[in-house]
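The values are calculated or read from the model by the stated rules, or taken from the named source; none is laboratory data. Computed from a predicted structure; not experimentally measured. For neighbour counting, all protein chains shown are included, and Cβ atoms are generated from backbone atoms with ideal geometry for every residue, glycine included.
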Amino acid sequence: MRFRRLDLTRFGAFTDLSLDFGAADSAPDLHIIYGPNEAGKSTLRAAINDLLFGIPPQSDYAFLHAYKAMEVGGTLETGGQSVVWRRLKRRKDDLVTRDGRAANRTLLDAALGGMDRETFELMFSLDSETLKEGGEELYRSRGRLGEALFAATSGLSSISAKLEEVRGEAEDFFKPRGKKQRLNDLKRELEEVDTALKEVAVTAPQYRKLVEAYEEARAAHGEAKRDAELVRKRLKQIERWQGAMRDWAKLRMARERLAPLYDTPEIPDEAAARIHDLDEQAGRLRREIEQGETELQRLKEERDALAPDEAVLAEAERIDRLNRMEDRYKEARDSLPAAEADLAAERGRIGATLEKLGVDPASDPRALLLPAPLTSQLDEMIRAHDSISTTLATAKEEAEKAGDTLAALEESLKALGDPVDPALLHQLRVAGRDARVAHDTTDLEEAVASAAAKRDEAFAALTPWSGSADALRAMTPPATDQLTAWAEERAAQKDKRAQAERRRAEQAARAAEFRETIAALEQATGLVSDEELERKRTARDAAWRTHREAISDGDLEQIAKTADAFEAVMMADDAARARRERHGDEAARLRQLTIDVAQAEAAAKHAAQERDSAEEALDALQERIDEAAAALGLPSGWEPGRIQQWLEARTHALAAQDEWASLQTKLDAQRDNRAVVQERLSQALAAAGAAPGNGMPLDALLEFAESVAQKADAREVKREQKQEEYARAKAQCEARQRRLTEAEQAQAEWTAHWQELLGQCWLAQEGTARQPGEVRDILRLLDSLRDAVERAEALERNIQQWRATEADFLALCHEVCAATETPLNEDHPGNALTALRERLAAGRDQRAKREQTEQELAREHDNLTRAKEDLDTVAAELGALCERFGAADAEALRAAIGQAKEKAAIKRDIAEREENLRAAFDGRPIAEIEQELLGCDTDELAAEAQALSDDITARDERLQELYHAMKKAEEQVAAVGTDEKAAELSERRRGLLLQIEEETQRYLRLMAGVAAAEAALRLYRDKHRSDMMLNAAQRFRRITDGRFTDLQARPDKDGETLVAIKADGGSLLVEGMSDGTRDQLYLALRMAGYQEFAATREPLPFIADDIMQSFDDERARASFEMLADVAQMGQVIYLTHHAHLCDLAREAVAGAVRIHELPAPAAQLVMSESA
């Protein structure tokens, strides 16, 4: 597949851009696309991928055109066809034909071979980054041959890193002779769990003693804790009394301080705060008034000292205008001499141009200038003249050649004679084919023999059955569904039997385990089961009855014996029941275990019955299967699957018998048909005009018929070719005649339009038809005349403006200087203007300062007035407050505020102390509390509190000891473990075993995957080593300019390693190469891989994006030579922004590269050169 043309209709920064690669010819299909940075090379690469695989949902190239409006297209050549496709931004049917109909993707999918975008970019795209990654991959893999060849063909540059990553992940779990792998940690953890399980396996008596010790320790700790709480409660009560005594003492002191302040008026906090604020405001306002009066006097003095220049200020506007005019005045004064000289020169050039045109120099030059539209039309007519003349000459030559070619083809067709009737030729071929079939029976005889052997082999496979084919065909075998049902039923019954046996074994094992636990429990506690206890009670009752009978009989000796027997039985029964009472928990557990034994034995018995039932069902099913086997002549004991296989062999044997019989019938019929087909072949030859000789044998007759048919076919093929050539030549001749007529008509139209244009101006006044070359020279002179006239007119305008500017400036200077009494020198007016500027600036500064001082005086006077008014307001409010609180003046009011604050603080303290007392005595009235506190002795309370505190310290130490003893007993019980602890450890052990199993399986999968990948790489290496190594070595030798002559494979412990052979005979491993050399080795391998791919299927375009920017010139030339070789097999497109690489490509592969230039991102891409 190749690109004939690429259209970026609306893509990235491009609009309606087309890149024409041209048709594929004998030259290499190598293209270089050159453009500066940001010209759009990466956009072109993305457009190729999007055309082949679709525009992605999120595109980086929708920044100019709307996302839904994006479109890329092109003409592709694949499978011998040329198709035009357009790729639109749609969810479905995004690939369309030229006219917008949905395209058939089959051709594109076949060309890509099921390849996706990522695979295409890996295998058929290469840029400087992936080239560098490829070199680094060679270094990482240490040149291992299989990985190097696979990476070069596929474009994958991380196969070795991925294999090492997978191997490392596996070896983190396990590595032979390793010490820090995860498997060792899991094994150590499993050993710890097994040790813990052994520790919790203690006897029941030991466990009971530990539990009793724990209960005693817990009871002692609880009793000591309760006693300590009682002591603490008493201590808290005494401490509360002590606190109350302290609060009562402070309360009495506060009441004593409050008594002198009883008549002090209470001043609210808001009023006190307001009085304080008014004091501060009065002081601040007095200071402001004093400072304001001082500042007011200073500003008046400063204002009186300022006196601006009023004369200059009156002329301020005209002085500013002079400042603005000064630059134009200077420009006019400096530019006038040069402008007058330039004007004289331009007038001289105008006169010289008029003389060249043959016109009077004194005439008006503007009368000779042509209108711009007329000049443009004449230029276009002159440019079109050369093209029309060339086209006319070429059309005449091509028309003559086309006529000669058409006449030669007419003669060739006449020489071939009349065509042969196709029906006769077809009849001859049919007769020949039938005759050859009848003549050659070798294949059929071999087929009959082969079919007989297959039949015998198929019948031998039916052992132990024996008999004829008819007997075999006459059988009535069981249906396949029946055999399937038997097989399923048999499998179900076997599974049922196995499951039942497994359940029986499990329940029997549980019953045995329960019996062992019962025996251990009975041995440890001396307990007996409920059945044994009942037997002891029955024996006791029986002994008692016997003893009573002996008493009734009055036999003293018998009474003594029966008494002893009853006593022994009674003591045994009492002892058993006493043990049952002492070990109530163990007895309950023993009863539960007995129940568990009974349930397990019942479940085992039920499972055994299910197993026997399944076994009986299997036997009955086998009897039915044996009956069906006997009907087929097969022995008993066969499974349904084996019978099904035998029936398939029977079907195969009958098919082999039918095939042999059919072939034997055909052989007999063919032997009888030879004479008939020989006569038919002779008649067909005679009808075709080639009668054979009499008595010609069949084999010779066949050869003669084939010769006649071949010669007739050759003549017809040649006739068809000549007819096609004649039709094309005729069409071409007609086209050449039309082109000649069009060229002659274009020439005539040009001449008429030329005369018409010349008649519109003075160029035709002499009555002669000027030629295009002469008019071209006149137009050039007119262009220079137009420029000179325009420059002269511009100079005249400028001179007039500069002279007026100079006069206006000097006149205004005279007026201003006279008004301000400033001296003026007309030769140097700038001195006067400078003096005026300085006086004006000083006057403006003085006036601005005086105005500013006046404003500050007004503001300061207003501030002073407001401050005096505010002070009066504050004094009035303070007087009102003094009258309200009975103070003679402000000082007395401030003293009253201090006493009121002290009184309020004492009252708050009294309220707080009383609240504390009520809280300490559960809200009782203060009077009662004080009466009770009168009888308390502070020293006695302190002594009792100290004694209780010492007692609590001793009790806390004892409590701590008892707590540690209790925790130690609890830990001992926990260390022994209960059923839950053992179950937890067992569950943890099963989890560890399961984790070890899962991680071991993952380790095996990972190592198997690594081994499979390495084996695949070895197979790939062995398959592609010879051709790819030879091809890559040649390319590497060319890229390195002969510094390396060969690539070889060297065996090592991991397989084979790639080694480069130097020109001096030395060798170099991949890891010893420089980065640049490794990159070039990877490039040679990639190109060899592309050749390997192209040798087995239709090649795809190879895109290289500036991969030589780090190459020196010699290696770049060699690389272009290599790309030209690759371009013999498939299209190669090289993108670059380095102009020197284009020159190197021209030098290296002259005539084998086509260079396309991108001048700007939005410009039309054109083919600039075919080198």
*Only one of (1) surrounded by 13 or more Cβ atoms within 10 Å (Cβ to Cβ); (2) closer than 30 Å to Q599 by Cα; (3) among the hydrophobic types (A, V, I, L, M, F, W, C) fails for A563. Which number is that?*
(2)
*Contacts under 9 angstrom Cβ, first residue in region 477-494 being within 19 Å of A630 (Cα to Cα), partner surrounded by 14 or more Cβ atoms within 10 Å (Cβ to Cβ) and acidic (D, E), 6 or more apart*: W486/E639; A487/E639; R490/E639
*Is it the case that region 321-333 has a residue that's free of Cβ contacts under 8 Å to residues at least 40 places away in the same chain, in a helix (DSSP H, G or I) and among the hydroxyl-bearing types (S, T, Y)?*
no
_Considering only residues that are buried (at least 16 other Cβ atoms within 10 Å of the Cβ) and not charged (D, E, K, R), which ones fall in region 392-404?_
L392, A395, A399, A402
*asked:* For the condition in contact with a Pro (Cβ under 7 Å, 6 or more places away or on another chain) and touching a residue at least 40 places away in the same chain (Cβ under 8 Å), what is the one hit in G830, G843?
replied: G843
_Subset tally (residues that are of a type in the set (G, A, S) and surrounded by 14 or more Cβ atoms within 10 Å (Cβ to Cβ)) for region 614-640_ = 5
*Those residues that are hydroxyl-bearing (S, T, Y) and loosely packed, with under 14 Cβ neighbours inside 10 Å, I need them from region 287-334; list them, please.*
T294
*Check off (1) acidic (D, E); (2) on the phi > 0 side of the Ramachandran plot; (3) without any contact (Cβ under 8 Å) to a residue 24 or more places away in the chain for D16 and give me the number that stays unchecked.*
(3)
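Residues checked against (1) farther than 25 Å from A407 by Cα; (2) at pLDDT 80 or above; (3) within 60 Å of the chain's Cα centre (by Cα); (4) loosely packed, with under 15 Cβ neighbours inside 10 Å:
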{"residue": "S707", "(1), (2), (3), (4)": "yes, no, no, yes"}
{"residue": "A729", "(1), (2), (3), (4)": "no, yes, yes, no"}
{"residue": "T741", "(1), (2), (3), (4)": "no, yes, no, yes"}
{"residue": "V789", "(1), (2), (3), (4)": "yes, yes, no, no"}
_Lone qualifier among A888, A880, A867 - being surrounded by 12 or more Cβ atoms within 10 Å (Cβ to Cβ) and either of a type outside the set (V, I, T) or not assigned by TED's automatic domain parsing to the domain that holds A811 (or both)_ = A867
*Quick one: in region 909-948, which of the residues that are assigned to a loop (DSSP other than H, G, I, E, B) and not aromatic (F, W, Y) is farthest from L235 (Cα to Cα)?*
P925
*Among the numbered criteria (1) of a type outside the set (D, E); (2) surrounded by 11 or more Cβ atoms within 10 Å (Cβ to Cβ); (3) under 30 Å from M253 (Cα atoms), which single criterion is violated by L934?*
(2)
*When V1149 is evaluated against the numbered criteria (1) modelled with pLDDT of 85 or more; (2) farther than 24 Å from T75 by Cα, which criterion, by number, is the only one it fails?*
(1)
_Residues that are assigned to a loop (DSSP other than H, G, I, E, B) and surrounded by 17 or more Cβ atoms within 10 Å (Cβ to Cβ), drawn from region 116-128_ = none
*Please verify whether region 772-784 includes one or more residues that are modelled with pLDDT of 80 or more, within 30 Å of T353 (Cα to Cα) and of a type in the set (S, T, Y).*
yes
*Looking at D845, is it more than 15 Å from I275 (Cα to Cα) and surrounded by fewer than 16 Cβ atoms within 10 Å (Cβ to Cβ)?*
yes
*Could you tell me whether A867 is part of a helix (DSSP H, G or I) and touching a Gly at 6+ places or on another chain (Cβ under 7 Å)?*
yes
*Which of the residues that make up region 1-55 are among the acidic types (D, E) and out of contact with any Asp or Glu (no Cβ under 9 Å at 6 or more places or on another chain)?*
D20, D25, D29, E38, D50
*Here are some residues: L428, L472, L424, L406. Which one is under 27 Å from T651 (Cβ atoms), over 60 Å from the mean Cα position of the chain (by Cα), in a helix (DSSP H, G or I) and at pLDDT below 85?*
L472
*asked:* Considering only region 550-566, I want to know if a residue exists there that is touching a residue at least 24 places away in the same chain (Cβ under 8 Å) and either out of contact with any Leu (no Cβ under 6 Å at 6 or more places or on another chain) or of a type in the set (K, R) (or both).
replied: yes
*asked:* Residue under question is R515, and the condition is that it be assigned to a helix (DSSP H, G or I), farther than 25 Å from E615 by Cα and in contact (Cβ under 8 Å) with a residue 60 or more places away in the chain; does it hold?
replied: yes
*If you go through region 470-511, how many residues are surrounded by fewer than 13 Cβ atoms within 10 Å (Cβ to Cβ) and farther than 22 Å from E639 by Cα?*
6
*Residue in region 1071-1122 that is modelled with the lowest pLDDT, counting only those that are among the charged types (D, E, K, R) and assigned to a loop (DSSP other than H, G, I, E, B)*: R1097
_Selection status of L52, hydrophobic (A, V, I, L, M, F, W, C) and in contact (Cβ under 8 Å) with a residue 60 or more places away in the chain_ = yes
_Out of I799, I778, sole residue that is within 30 Å of K330 (Cα to Cα) and either among the acidic types (D, E) or out of contact with any Pro (no Cβ under 6 Å at 6 or more places or on another chain) (or both)_ = I799
*In region 791-830, what residues are among the aliphatic types (A, V, I, L, M), within 23 Å of E340 (Cα to Cα) and either exposed (fewer than 15 other Cβ atoms within 10 Å of the Cβ) or touching a strand residue (DSSP E or B) at 6+ places or on another chain (Cβ under 7 Å) (or both)?*
A794, A804, A807, L810
_Only listed residue being of a type in the set (A, V, I, L, M, F, W, C) and either over 29 Å from D227 (Cα atoms) or without any contact (Cβ under 8 Å) to a residue 24 or more places away in the chain (or both), chosen from I929, I952_ = I929
*Give just the number: which of (1) touching a residue at least 60 places away in the same chain (Cβ under 8 Å); (2) of a type in the set (D, E); (3) under 30 Å from R303 (Cα atoms) does E838 not satisfy?*
(1)
*Scan region 402-427 and report the pairs whose first residue is within 27 Å of A684 (Cα to Cα) and whose second residue is modelled with pLDDT under 75 and outside any helix (DSSP H, G or I), with Cβ atoms within less than 6 Å and a gap of 6+ or a chain change.*
L424/A688
